[in-house]
Structures are given as structure tokens and as C-alpha cells.
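The values are calculated or read from the model by the stated rules, or taken from the named source; none is laboratory data. All values derive from a computational prediction rather than experimental measurement. Neighbour counts run over all protein chains shown; Cβ positions are idealised from the backbone, glycine included. The accessibility values were calculated without ligands, DNA or RNA, using every heavy atom of the protein model including side chains. Shrake-Rupley method; radii C 1.70, N 1.55, O 1.52, S 1.80 Å.
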Amino acid sequence: MDVEAKVLAEIDKLRVGEIAPGLVALALELARQLDECEAPTSAAVVGRELRATMLELRKVAPPVAAAADPLDQLAAKRKKRRGA
């Protein structure tokens with residue numbers, strides 16, 4: 001299933017490795033377990049815990065600077081020029 005790779009990619013994108021190393025380690029371990037899980041009941045339990053852990057990581061993630069829309073960039077330049 002390769003959940004671990006996807007979780008690692010999301011953790012990198014969130015930039016939470018230094019902020020919450022314990023939660024990151026937990027998320028990666030849960031993802032590893034989910035990849036190896038064969039019993040549907042166990043997978044559901046591990047998946048639920050992974051989901052909760054990822055929600056906590058998203059809460060502590062630093063705000064992402066929005067990829068500025070060209071119109072937003074133009075408005076920001078205009079605002080800066082006008083000294084507002």
C-alpha cells in the first residue's frame with residue numbers, strides 16, 4: 001500500500017519534523033504498521049490512530065504561505081507602493 005511514503009511526504013510538506021519529532025515518529029511507525037497489516041480489523045484501528053496523529057501534526061504545522069495568485073501579487077505591490 002505504501003502508506004509510509006505518503007505520510008513521510010505529507011510530513012515533509014507540513015515541515016513539522018523539528019516542531020513535533022515524537023508525533024512524527026509515531027505517525028511513521030503507524031504508517032509502517034498499516035503497510036504491514038493484513039487483518040482488516042487491525043488495519044482499521046491503526047488507520048484511525050494514524051489519522052488522529054496526522055490531524056495533530058497538521059494543527060502544529062507552521063502556516064503555509066499561499067502560493068500567491070498573480071492578482072494577489074499585483075494588489076500587494078500596489079498596496080506597498082501606496083505605503084498602506
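Quick notes
- Relative contact order of the chain, defined on C-alpha pairs under 8 angstrom at six or more residues apart (%): 34
- If you run the Gaussian network model on the chain, springs between alpha carbon atoms under 10 Å, then out of Ala61, Ala39, Ala27 the most flexible one is Ala39.
- Karplus-based coupling profile of region 38-44, in residue order and whole Hz: 10, 7, x, 5, 5, 4, 5, with θ = phi - 60° in 6.51 cos²θ - 1.76 cosθ + 1.60 and x standing for Gly or Pro.
- Seen from Leu34, the other residues with C-beta closer than 15 Å to its C-beta sum to a net charge of -4, counting Lys and Arg as +1 and Asp and Glu as -1.
- Averaging Cα coordinates gives a centre for region 33-84 and one for region 17-32; these two points are 15 Å apart.
- For the residues Pro62, Pro70, Pro21, a GNM of the chain with alpha-carbon springs under 10 Å puts the largest fluctuation on Pro70.
- Per residue value of the accessible surface for the chain (all protein chains in place, 1.4 Å probe), Å²: 75
- Taking GluC sites (Glu not before Pro) as exposed when their DSSP state is a loop state and no more than 16 other Cβ atoms lie within 10 Å, the longest site-free interval of the chain runs over 39-84.
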